[in-house]
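Down below is the structure, laid out as structure tokens.
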Protein chains: 2
Amino acid sequence: MSVSTSPPAPSEEALLKLLAGLEPDRADATRKAGDQASEFVQQLPGPRLGVGMDCCVIPLRHGGLSLVQTTDFFYPLVEDPYMMGRIACANVLSDLYAMGITECDNMLMLLSVSQKMNDKDRERVMPLMIQGFRDAAEEGGTSVTGGQTVINPWIIVGGVASVVCQPNEFIMPDGAVPGDVLVLTKPLGTQVAVNAHQWLDQPERWNKIKLVVTKEEVKEAYQEAMFSMGTLNRTAAGLMHKFQAHAATDVTGFGLLGHANNLAAQQRNEVAFVIHNLPIIAKMTAISKACGNLFNLIQGTSAETSGGLLVCLPREQAAKFCSEMKSQSSGAGGSGAWIIGIVEKGDRHARIIDKPRIIEVPPRGSKAANQDNSSTSPSPSPNLS
Amino acid sequence: MSVSTSPPAPSEEALLKLLAGLEPDRADATRKAGDQASEFVQQLPGPRLGVGMDCCVIPLRHGGLSLVQTTDFFYPLVEDPYMMGRIACANVLSDLYAMGITECDNMLMLLSVSQKMNDKDRERVMPLMIQGFRDAAEEGGTSVTGGQTVINPWIIVGGVASVVCQPNEFIMPDGAVPGDVLVLTKPLGTQVAVNAHQWLDQPERWNKIKLVVTKEEVKEAYQEAMFSMGTLNRTAAGLMHKFQAHAATDVTGFGLLGHANNLAAQQRNEVAFVIHNLPIIAKMTAISKACGNLFNLIQGTSAETSGGLLVCLPREQAAKFCSEMKSQSSGAGGSGAWIIGIVEKGDRHARIIDKPRIIEVPPRGSKAANQDNSSTSPSPSPNLS
């Protein structure tokens, strides 16, 4: 994710070559899946054992236990240091939640202080970022016990999440079967919202979108994106067990379609994921269209940060999962859940249908949200019934 | 360590304030010690539970097991990308070895690709760095199963090491008793050697030291430092158990005295560490003196990268520990061991005596080394007998 939401990246091809070096040479001993690394590695042709999982799962020497851990770090993308800390932590934990793991035994924080900050700014900003990270960790039932800090031209914030699990505590993301239903637990469009918000101060960019959106709508969307990115996917992880989820991943740097493809590629059964509905923060679709192909939001490849879980559920469980997500997540910090597609027989790829149904998700607290009751209801499209 | 061996850092005071935020708010639940973070945190006045340990030790929900993990990342300090990868890995694992832990269940790699590199350089340099890291991990009996990579102005390399242990697998670093002997398992002076090597191409700097050292000697010292930093402390970790070590830490960014003070501060008994001997890479003392107070090598505060273990051993075991270190580490990649001081009754501080004995450690493979037999022998000074 860092690569796609951050400063100029090298070609994906270059990163592929680079990150191929991070592939395990002991695939037999470990179930590989190292975050960003695997996210790139798994773009390589050919099947790979376990590649595409959001965590690495290490069988331990001690009775049936596994060490599950993940790491992620990137650069601030919102102006509020406290919220940025929350987002960084939610984003790290999300990789555990995508495996249905609700507990975390320990977190380490990775931080770099910008050499360009004076002591005054540093003392104001960094403690807020750390506090946001720690508060989100506490919300996740864990705590930060260590870390590493360096000086760097850019601020870096991230962490490591580790947990030792019994086999029944995590759900291997490879059990999707034809007939399953795909559910997404956060709306798309965070990158569009963050960029549009920056453009409020850039007339030449703002002029491109001012015909389709008001400044107020952009500010509301930015707030919604910030809260959504700072929301833990922990509730969804718990409900994955209650409703017998078959597989899940979290939606981050490769966008919905990128991660859906990664998830499809590692299924034991010959399945395909077909996406019919796209829940998107209100007005972000219009902005994306007004910007031409800048975001590829409708194409499903717009990067998300700390996005929702994409969950494969038995057809009869999906609606219940969504309504329980809605009830448990009502109130501040909650997210919803939307049925977005189906699992059918296929060649382990994902696709979005032509003319997908766009579900405009109103920012929480907005007039629209208060009138709206469908934003977190399953609202299956005709395609699904 | 990154802070002291890397680009301009903010005042230690500023970092103290910053990193205080990384102290655990659940000291009862965890034995805190987050690397760099704690290394700074523990500079704060007043005793703190477990502060100063090189790893965090998390009691798990599963029968008596603990999760021990550590993270570290910094910037390249040698020109050879492969060796830099090895050093980064050895440096991360060293925090586990300092607790007498010889196994590591999993490593994650933290990497940033410099945005200033073109694709050609990137494809040449980064895979070598990754390979060096992976080879050192394999030497440590573990493997790298994931990681995160971002684009950054500077190259960053580091990692996370995690292991799930039974209580008898690690040695809490708080058991020193008066009469113990202090042993160091790598020579000091790595920072001096790295800097002196850079000065070969900087006439104005070179002129300051050319009277006390030849270019050949600087090149030999640089090679020695590079191999020493790339050497795992795993042998020493194993011997800590065999010879009933009472406590240990690894010597990194705060230098020998800084880490000796940290270790002394957390002892259960009222002890003081008194350092009589300083094993130093040959000629580095002369260079340090020629540079005035630039390094504070003799004062014991010159930063080291991936330094040796400082081990408190029962008096009757120290010589045997050193000779077995010597025999096990003979040949490429090995390090030695030197008795450097004693533990006496005191106020939990460390000090270096006036006029400590300097042990000039000849670079391996150098003429001197081939003639020399004492470099890894205990050679206790009169002070110790």
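Pairs A:K219/A:K289; B:K283/B:K320; B:K210/B:K289; B:K186/B:K355; A:K242/A:K326: which are spaced more than 24 Å apart, C-alpha to C-alpha?
Numbers: A:K219/A:K289 19 Å; B:K283/B:K320 28 Å; B:K210/B:K289 12 Å; B:K186/B:K355 21 Å; A:K242/A:K326 15 Å.
Check vs 24 Å cut-off fails for B:K283/B:K320.
For A:L188, enumerate residues with amide H under 5 Å from its amide H, sequence gap 5+ or separate chain, H modeled in the peptide plane.
Excluding prolines and chain starts, which carry no amide H, the hits are A:I280, A:I281.
Please turn the phi angles of the stretch A:340-350 into ³J(HN,Hα) values with the Karplus equation 6.51 cos²θ - 1.76 cosθ + 1.60 (θ = phi - 60°), one per residue in order, whole Hz, x for glycine and proline.
10, x, 9, 9, 10, 5, x, 9, 6, 10, 10
Using a 7 Å offset from Cα along the direction of the beta-carbon, what are the separations from A:T214 to the same position in each other copy, nm, ascending?
Going from nearest to farthest copy, the values are 8.2 nm.
Sort the following peptides by mean Cβ neighbour count (other Cβ atoms within 10 Å, averaged over residues), highest first: B:98-105, A:265-272.
Per-residue mean Cβ counts within 10 Å order the peptides as B:98-105, A:265-272.
Let me check something: with ligands and nucleic acids excluded, how do A:H246, B:H259 order by accessible area (1.4 Å probe), largest to smallest?
Solvent-accessible surface, decreasing: A:H246, B:H259.
Can you work out the PRE-style zone for A:E344? Point 7 Å along Cα to Cβ, and I want the residues of the stretch A:152-193 with backbone N under 13 Å.
Flagged as within label range: A:178-180.
Do any trypsin sites (Lys or Arg not before Pro) in the stretch A:110-209 lie in a DSSP loop with no more than 14 other beta carbon atoms within 10 Å, and if so, which?
Here the sparse-neighbourhood loop sites are A:K116.
Inside 10 Å of the C-beta atoms of A:106-115, what's the mean count of C-beta atoms belonging to other chains?
6
Between B:K320 and A:R351, what is the label-to-label distance in nm when each label sits 7 Å out along the Cα-to-Cβ direction?
Spacing of the two 7 Å Cα→Cβ label points: 7.2 nm.
Taking θ = phi - 60°, what integer Hz values does the Karplus form 6.51 cos²θ - 1.76 cosθ + 1.60 yield along the stretch A:277-291, in sequence order, with x for Gly and Pro?
The phi angles translate into 10, 10, x, 9, 3, 3, 6, 5, 4, 5, 4, 4, 5, 5, 9 Hz.
Give me a comma-separated list of calculated 3J(HN,Hα) values for the stretch A:166-180, in order, Karplus coefficients 6.51, -1.76, 1.60 applied at θ = phi - 60°, integers in Hz, x for any Gly or Pro.
Result, ordered by residue: 7, x, 7, 8, 10, 10, 4, x, 9, x, 5, 10, x, x, 4 Hz.
If you take the charge dipole of the stretch A:230-340 about its Cα centre, with +1 on Lys and Arg Cβ and -1 on Asp and Glu Cβ, which of A:H276, A:N262, A:N293 is farthest toward its positive end?
Projecting each Cα onto the dipole axis, the largest value belongs to A:H276.
Suppose you put the label 7 Å out from Cα in the Cβ direction; list, shortest first and in nm with one decimal, how far B:G141 is from each other copy's label.
3.3
What whole-number distance in Å separates the alpha-carbon centres of the stretch A:248-316 and the stretch A:149-204?
12
To one decimal in nm, how far is B:R315 from the same spot in the other copies, if labels go 7 Å from Cα toward Cβ? Please give the shortest first.
B:R315 label point versus its equivalents elsewhere: 8.2 nm.
Given H placed 1.01 Å from N in the peptide plane, which residues other than close sequence neighbours of A:V150 have an amide H under 5 Å from its amide H?
Here A:L111, A:S112, A:V113 satisfy the definition.
Ballpark to the nearest 100 Å², how much total accessible area do B and A bury together, probe 1.4 Å?
The contact between A and B buries close to 6200 Å².
The values are calculated or read from the model by the stated rules, or taken from the named source; none is laboratory data. Source: prediction; values computed, not measured. All Cβ positions, glycine included, derive from the backbone under ideal geometry; neighbour counts span all protein chains shown. Areas reflect the complete protein model, heavy atoms only, side chains present, ligands, DNA and RNA absent. Shrake-Rupley method; radii C 1.70, N 1.55, O 1.52, S 1.80 Å.
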